[in-house]
Amino acid sequence: MSEGEWLRSYAEGLLRAGRLEEAEAVYLRLIEAYPENDSYLMALAWVYHDSGRLEEAIACWEKLFEKELKRKIFTGFAFDELVRIYKSREMYDRLLEICERACDAFPGEYSLLGDLAYACHKTGWLERAVSIYRQMIDMDPEGIEAYLGLGNTLIALADYAGAEEAYGEASRIDPEETATFFSRLSDEYRRCGLSEKAEYAIRKSVAFDESEPAYLLMLGDILIEGGRWQEGWDAYEKAVSLRMEAAGSYYFRLGNTLAQTNLPEQAVQAYKKALEQEQNPFYYLHLARVYVAMGEMDLAQEAVEKVKKGP
């Protein structure tokens, strides 16, 4: 075994033992001795990431990304990690920068265009995002994610008919996923504060797949948030009837939605129904919080005592 192989094995052992600082020192030594071996820099990036030193991890991946840009074939391992981090942390300006650089280095790469379009959308370059999504559709008329991305961007541009047409195209390509696609459309409308359109879209999901409780739960939430709590409750009851074994968790979710929309009395009733299904301590804690918000301190204490006593 060469010295490099031995050191790598030693570093991996340190990682398994959770000795991150010592592993870092070994990987730095390996990088200095073998600068062309990208795997050591990748491993160091993960050491920094797992140590909570995000910017140092990003710096490692950016060095690897620079190398990826110079290759004839785009491997994209570092690029993918940077994209994941920038999306999850909502670092959209930095996401746009690396996506533009990747697309400049590898023009016409379909998957890279998708990330670029997403970054343009998130940074407010909506018309540019639409143009890129349409370019992707020209390249692959059966590319479902391009239609969905286009639809989301058109919502941001208030072109709701265009958005629904784009989602309709996705459904045409994969009819079995129609209910899923319209639930995604509903979710996007909901994020944009368009409750009536969100209700319209999720009702289409329910119509396409009446056996899936998740769509009824979404419908219930939308109705409650829109001030129609009784209709929302009824949607939840229908979901429960479809999957009785999940009744406790469904009523608990109902209680949370009612509490978040400032309907404490109704939330109490939902939590009590959840507790009828299962004596979950978590349900009692949420019930206690609602009682506190209502000023019912004795009832709150009673609920807390139930947690202390256990099942």
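The values are calculated or read from the model by the stated rules, or taken from the named source; none is laboratory data. All of these numbers come straight from a predicted model, not from anything done at the bench. Here the Cβ is made from the backbone with ideal geometry for all residues, glycine too, and neighbour counts use every protein chain on show. What goes into the accessible areas is simple: the full protein's heavy atoms, side chains included, and nothing from ligands, DNA or RNA. Shrake-Rupley method; radii C 1.70, N 1.55, O 1.52, S 1.80 Å.
Yes/no matrix, rows are residues, columns are (1) loosely packed, with under 14 Cβ neighbours inside 10 Å; (2) free of Cβ contacts under 8 Å to residues at least 12 places away in the same chain; (3) farther than 30 Å from residue 179 by Cβ:
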| site | (1), (2), (3) |
| --- | --- |
| 238 | no, no, no |
| 246 | no, no, no |
| 260 | yes, yes, no |
| 267 | no, no, no |
| 273 | no, no, no |
| 284 | no, no, yes |
| 293 | yes, no, yes |
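Here are the criteria: (1) aromatic (Phe, Trp, Tyr); (2) under 24 Å from residue 215 (Cβ atoms); (3) surrounded by fewer than 21 Cβ atoms within 10 Å (Cβ to Cβ). Tell me which single one residue 251 does not satisfy.
(3)
For the range 1-46, how many residues meet the condition of being of a type outside the set (A, V, I, L, M), part of a helix (DSSP H, G or I) and touching a Phe, Trp or Tyr at 6+ places or on another chain (Cβ under 7 Å)?
Selection size over the range 1-46: 3.
What do you reckon, is residue 34 over 26 Å from residue 136 (Cβ atoms), at pLDDT below 95 and open to solvent by 60 Å² or more (accessible area, probe 1.4 Å)?
Yes: the conditions hold for residue 34.
Being out of contact with any helix residue (DSSP H, G or I) (no Cβ under 8 Å at 6 or more places or on another chain) and either closer than 28 Å to residue 136 by Cβ or not basic (Lys, Arg) (or both) narrows it down to one of 210, 177, so name that one.
210
Taking the stated definitions as given, is residue 111 farther than 30 Å from residue 232 by Cβ and more than 23 Å from the chain's Cα centre (by Cα)?
No, not satisfied.
With 71, 101, 89, 94 as the choices, which residue is within 30 Å of residue 14 (Cβ to Cβ), without any contact (Cβ under 8 Å) to a residue 60 or more places away in the chain and basic (Lys, Arg)?
89
Within the range 295-311, which residues are open to solvent by 70 Å² or more (accessible area, probe 1.4 Å), modelled with pLDDT of 90 or more and assigned to a loop (DSSP other than H, G, I, E, B)?
Matches in the range 295-311: 296 only.
Go through the range 1-22 and report how many residues are under 12 Å from residue 50 (Cβ atoms), modelled with pLDDT of 80 or more and touching a helix residue (DSSP H, G or I) at 6+ places or on another chain (Cβ under 6 Å).
Here the count works out to 1.
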